[in-house]
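Trainee: Pasting a structure below so you can have a look.
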Amino acid sequence: MAAQLFAQQGFRATSMQHIADRLGMTKGAVYFHFPTKETLAVAIVEEHYGRWPKVVKEVQAEGLSPMESAEEILNRAAVAFRDDPVMQAGARLQLERPHIDAELPTPYVDWTQLLQSLLVTAKYSGELREGVDPEAAARTLVSSFFGVQHISDVLSHRKDIAERWEETRKLLFYSLRA
Ligand SMILES: CCC[C@@H]1OCC(CO)=C1C(=O)O
């Protein structure tokens with residue numbers, strides 16, 4: 001599907017003909033659904049963003065502590081980035097935003113906001129190490145996660161992302177826990 005093409009070769013190198021061929025459709029049929037390649041990229045990014053509230057809700061229904069919820073959401077994100085072409089395409093398209101003439105959401109800010117709110121709750125429930133600033137810690141978790149997923153993508157096409165993220169999260173959450 002189109003997400004796989006965007007994930008593998010990026011926005012600029014992917015033509016509507018490539019997409020039509022991959023989908024087994026005519027180019028006209030693709031244009032019928034998506035008038036431009038940009039609208040298709042926006043749809044994929046929106047699909048990517050749209051998947052996270054469900055993941056967050058599932059984790060928060062598990063009755064974990066705030067700190068455990070933060071850790072579990074990021075663990076699931078690592079697996080999702082490994083296995084889901086829409087996540088992979090969304091991650092690449094958001095890096096290619098300067099070359100996509102369309103309104104795309106600013107990445108990372110929602111992640112930071114979500115993790116910060118969990119870490120603030122963790123602070124007041126005594127789970128957060130004394131002196132740790134929840135906002136700075138949330139930014140560090142997001143930078144670390146997206147750095148790990150990027151390097152894993154470049155070096156192993158994300159095959160080892162779960163292992164790479166596990167070693168990173170162990171260190172990070174060790175430093176965050178009270
Ligand atoms: C927890 C929602 C996170 C949000 O949804 C997907 C995505 C892409 O990186 C986001 C972001 O960067 O903030």
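Trainee: Look at THR140 and say whether it is within 10 Å of the ligand (Cβ to nearest atom), hydroxyl-bearing (Ser, Thr, Tyr) and either surrounded by 14 or more Cβ atoms within 10 Å (Cβ to Cβ) or modelled with pLDDT under 95 (or both).
Mentor: Against the criterion (within 10 Å of the ligand (Cβ to nearest atom), hydroxyl-bearing (Ser, Thr, Tyr) and either surrounded by 14 or more Cβ atoms within 10 Å (Cβ to Cβ) or modelled with pLDDT under 95 (or both)), THR140 does not qualify.
Trainee: Whether any residue in segment 48-66 is surrounded by 15 or more Cβ atoms within 10 Å (Cβ to Cβ) and of a type in the set (Asp, Glu) is what I want to check.
Mentor: No, segment 48-66 contains no residue that is surrounded by 15 or more Cβ atoms within 10 Å (Cβ to Cβ) and of a type in the set (Asp, Glu).
Trainee: Just wondering, is there one or more residues in segment 67-75 that are away from the ligand (no atom under 16 Å from the Cβ), assigned to a helix (DSSP H, G or I) and in contact with a helix residue (DSSP H, G or I) (Cβ under 7 Å, 6 or more places away or on another chain)?
Mentor: There is at least one residue in segment 67-75 that is away from the ligand (no atom under 16 Å from the Cβ), assigned to a helix (DSSP H, G or I) and in contact with a helix residue (DSSP H, G or I) (Cβ under 7 Å, 6 or more places away or on another chain).
Trainee: In segment 19-36, is there at least one residue being away from the ligand (no atom under 14 Å from the Cβ), over 19 Å from the mean Cα position of the chain (by Cα), within 28 Å of ASP160 (Cβ to Cβ) and of a type outside the set (Phe, Trp, Tyr)?
Mentor: Taking every residue of segment 19-36 in turn, at least one turns out to be away from the ligand (no atom under 14 Å from the Cβ), over 19 Å from the mean Cα position of the chain (by Cα), within 28 Å of ASP160 (Cβ to Cβ) and of a type outside the set (Phe, Trp, Tyr).
Trainee: Please enumerate the residues belonging to segment 103-131 that are within 19 Å of VAL45 (Cα to Cα) and buried (at least 16 other Cβ atoms within 10 Å of the Cβ).
Mentor: Matches in segment 103-131: LEU104, PRO107, TRP111, THR112, LEU114.
Trainee: Is it the case, given these coordinates, that VAL79 is β-branched (Val, Ile, Thr), assigned to a helix (DSSP H, G or I) and either more than 24 Å from LYS159 (Cα to Cα) or open to solvent by less than 50 Å² (accessible area, probe 1.4 Å) (or both)?
Mentor: So VAL79 does not fit the description; no.
Trainee: Against the condition buried (at least 18 other Cβ atoms within 10 Å of the Cβ) and assigned to a helix (DSSP H, G or I), how does ASP153 come out, does it pass?
Mentor: yes
Trainee: Return the residues of segment 99-112 that are in contact with a helix residue (DSSP H, G or I) (Cβ under 8 Å, 6 or more places away or on another chain), part of a helix (DSSP H, G or I) and either near the ligand (Cβ under 7 Å from one of its atoms) or without any contact (Cβ under 8 Å) to a residue 40 or more places away in the chain (or both); say none if nothing qualifies.
Mentor: ASP110, TRP111, THR112
The values are calculated or read from the model by the stated rules, or taken from the named source; none is laboratory data. Note that this is a predicted model, so its numbers are computed, not measured. Backbone-built Cβ (ideal geometry, glycine too); neighbour counts: all protein chains shown. Surface accessibility is based on the protein's heavy atoms, side chains included, excluding ligands, DNA and RNA. Shrake-Rupley method; radii C 1.70, N 1.55, O 1.52, S 1.80 Å.
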